[in-house]
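Here is the structure we will look at, set down as structure tokens.
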Amino acid sequence: MIQLFQNGAYLLNGTELVEDTPEAAAILASKVAEVPSKEEASKNTMAYGILEAHNTSGNMERLQIKFDRLTSHDITFVGIIQTARASGLEKFPVPYVLTNCHNSLCAVGGTINEDDHMFGLSCAKKYGGIYVPPHQAVIHQFAREMLAGCGKMILGSDSHTRYGALGTMACGEGGPEIVKQLLSKTYDINMPGVVAIYLTGKPEKGVGPQDIALSIIGAVFANGYVKNKVMEFVGPGVANLSVDTRIGIDVMTTETTCLSSIWVTDDQVKDFYDMHGRPEEYKELNPGAVTYYDGVVYVDLSQIKPTIAMPFHPSNTYTIEELNANLEDILADVEKKALVSLDGKIPFTLRDKIRNGRLYVEQGVIAGCAGGGFENLCDAADILAGQNIGADAFSLSVYPASQPIFMELVKNGAITKFMAAGATVRTAFCGPCFGAGDVPANKGLSIRHSTRNFPNREGSKITNGQIASVALMDARSIAATAANKGYLTAATDIDVNFTKPKYFFDSSIYANRVYNGVGKADPSVDIQFGPNIVDWPEMIALTDDIMLKVVSEIHDPVTTTDELIPSGETSSYRSNPLGLAEFTLSRKDPAYVGRAKAVQVQEKKRQNGECPLEGDEGLKAAFDAVKAQFPDVKASNTGIGTTIYATKPGDGSAREQAASCQRVLGGMANIAREYATKRYRSNLINWGMLPFLIEEEELPFANLDYIFVPGIRKAVAEKAPVIKAYAIKDGALKAFDLKIGELTDDERQIILDGCLINFYRH
């Protein structure tokens, strides 16, 4: 089904693979008249060509990228624009789309969601942006329909910014990276590795994009095979996939922890651009005649089966056939893994879902950038034609990804099929993907064609004694399960005639409702604020020395951004940095906020010229221990802050608030074995926090211990490879080593200045 090459490989003429083994040179010589060096062949990837065209550094090893277009949604764009305004923003230098698909319901916190929307509209007018009103489209569907272009690059503040199937290299990063682009700065990275996703064969009837995507994620996530690399989709199997199927696979590449993605393009992609009235955006993309890849994921599409990702991660995959055949054993294993994800804080079981030997689920959802596409919904509607979902606990909701898709589904009768079967149909909204819509009942199990199934991602709250869970599936198997009234069923197990109606895109919906201010910035426009829209608090520069208190210690194999700052109703407070910070780690370590605030009180005293040791005996004892070894150290000149330890933090969302919430509560660092994603580490840096790495097998500190780091400012400025730190225990100092890893010169200065806002002010 899926094979990972142990070595790199050469791709010949887009079809034939030659693995980079000792025999490779002879094989290549027999097939190619002139064999390029590995270095030259690496330049023949599609990714290299696109990156080269957008690089401004003149050095392809150290990239400084300027993107063609930018996009954000309504739980990120307020903070981004506020940061950019504080840093000197005058107008948007490239098309910047502000969509409103997350806080669309305007149902939490009074006026604050709609206040954010009006803020966005007024900023689009003032700075020359594009404003997409609520319920018109989810962020990524609008980008596919109206922004993507072959050979283009798009940066988005949502982690699922992926348009590779349309020939567009796109990255999802935290808000500060968008700010840099708005200020005409660059996205700085080392040249990433490129891994071929070689597709062959043709999927069997009933297998959909989520099945293929989950199968790939299951094969590459845990081993980091594509981490921070570009996934380049090639091979003869691409032609056997519709564009909608390619899009559905591509959007899920985020869950592999890759940096970006790109696909070969063909006449089907050309038809997509023609259909959407943008034929000029198409061009054919292919790798060179001899192309070298750093690795290969070999996928035989004909062997892919309907697949399910069980709680609580998209990589926790099984075929539906395998699950149904081994229900007790697999569910017991899922429950065992859940003990880690849930810290054993709440009882969790799925074996009570077994009814008469079959798995019963209470809810199905097909939604958002992954599930709400035209083809997914047409196929699901065909499965449900003449069926009904029954009158028991099971429910089904459907969210078309945009109003143009919705309207075409009305015209071709698919919506009628859904409604007649008992499903409810909603407007474009991302809520089911992050816990702001369709929250199941306590102990409920939901199957969803959406992007993630982390703990509490569906909206339940462990701290309130609630627990529900999500399994990810393809729309077709969700519909098959719905037709069987909630009993888990693979789409390949039913007989259905897929009608495959043609899609007709009607651009008048956007022409009538979307504000397009590109090239029409009007400085005279006043920005419309609301009472929840608050400026970022002032953050100070890095001091010569720092004293850190460990205020949370997390030993999970991976810590998600949802655990660092929960999604759901908390998203309504993302325009209020201090208000949102109250929720930091609230579902993982509820004591965190109180601990962080207590330390911050002492730091505020220091900043105000008062004695920072008064009122905190533990801090005083820590400084006494330090002064015994470092007599010249003064508390008045030493920054006092907090840090968390997490084994591998940052999997999941691009949300900058996972870092900024720690920062506004006095966080100065994270300490980790490794960082799950580049985007989380970048968020830490952009908010002036030190992304420490520790290699010692046994941690020299524990929760609530103090750590003293002398000379940290000098170490950062002088690029010290190793930083000496001291854990303070029982009045004694225990030395250990920390590392920061590679930083650009700008990143070093951002940390020294205290945050990105300070960096640009200076």
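We did not get these values from a lab; they are worked out from the coordinates using the rules stated. Note that this is a predicted model, so its numbers are computed, not measured. Here the Cβ is made from the backbone with ideal geometry for all residues, glycine too, and neighbour counts use every protein chain on show.
Summary table
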read-out	value
Segment E742-V518, extension gain: residue separation times 0.36 nm, minus the distance between their alpha carbons	77.0 nm
Backbone HN-Hα couplings from phi across segment 114-124 [Karplus 6.51/-1.76/1.60, Hz, Gly and Pro as x]	5, 4, 4, 4, 5, 4, x, 4, 5, 5, 4
Share, in percent, of DSSP beta bridges within the chain that are antiparallel, nearest 5	40
Cα point-scatterer Debye curve for segment 545-761, base-10 log of I(q)/I(0) at q = 0.12, 0.17, 0.19 Å⁻¹	-0.59, -1.25, -1.58
Proximal charge balance of K125 [Cβ under 12 Å; K/R count +1, D/E count -1]	+1
Paramagnetic label zone (point 7 Å from Cα along Cα-to-C-beta, S242; backbone N under 11 Å) in segment 479-518	498-504
Amide hydrogen neighbours beyond the local backbone of K729, cut-off 5 Å, H modeled	K734
Theoretical ellipticity at 222 nm over the chain - DSSP helices of four or more residues, -39500 (n - 2.57) apiece, nearest 500	-9000 deg cm²/dmol
Rh (Kirkwood; distinct C-alpha pairs) - segment 654-762, Å	14.5
Global form of segment 310-508, assessed from the alpha-carbon gyration tensor, a/c cut-off 1.5	prolate
Per-pair calculated FRET efficiency, R0 = 25 Å: A717 and N637 via Cβ, rounded to 0.05	0.90
Selection from C661, L756, G639, by position along the positive dipole direction of segment 545-761 (Cβ)	L756
Amide proton proximity set for N670, modelled H, under 5 Å, gap of 5+	L690, F692
Rounded FRET efficiency, nearest 0.05, which uses the C-beta distance separating N497 from M419 and R0 of 25 Å	0.80
Under 28 Å from the Cα of K724 - lysines, other chains or at least 8 residues apart	K549, K597, K604, K605, K620, K627, K634, K648, K678, K714, K734, K739
Sequence of M689, M539, M275 once ranked by neighbouring C-beta atoms within 10 Å, starting from the fewest	M275, M539, M689
Extension gain, S184 back to A289 (0.36 nm per residue minus Cα-Cα distance, nm)	34.2 nm
Of [x] 189; [y] 161; [z] 271, the label for volume of the Cα convex hull per residue in Å³ derived from the coordinates	[y]
Mean Cα-pair separation over length for the chain, i.e. relative contact order, pairs under 8 Å, 6 or more apart, %	14
Net charge of Cβ neighbours under 12 Å - reference A41; Lys, Arg +1; Asp, Glu -1	-3
Calculated log₁₀ intensity ratio I(q)/I(0) where the Debye formula runs over C-alpha points of segment 66-188, q = 0.09, 0.10, 0.14 Å⁻¹	-0.22, -0.27, -0.53
Relative contact order (%) - segment 310-508, alpha-carbon pairs under 8 angstrom, separation at least six	28
Nearest-20 debye value, segment 310-508 charge dipole, Cβ charges on Lys, Arg, Asp, Glu	420
Furthest towards positive pole of dipole, L12, A725, L51, structure part the chain, Cβ charges	A725
Dipole moment magnitude, nearest 20 debye, the chain about Cα centre, only Lys, Arg, Asp, Glu C-beta charged	1200
Lys/Arg +1, Asp/Glu -1 at C-beta; the chain dipole; positive extreme among A332, Y360, A421	A421
Cα centre as origin, Lys/Arg/Asp/Glu Cβ charges: segment 66-188 dipole, Debye	400
Sum of side-chain charges, D352 neighbourhood, beta-carbon under 14 Å (Lys, Arg +1; Asp, Glu -1)	+2
FRET E, pair E328, A393, Förster distance 22 Å, beta-carbon r, rounded to 0.05	0.55
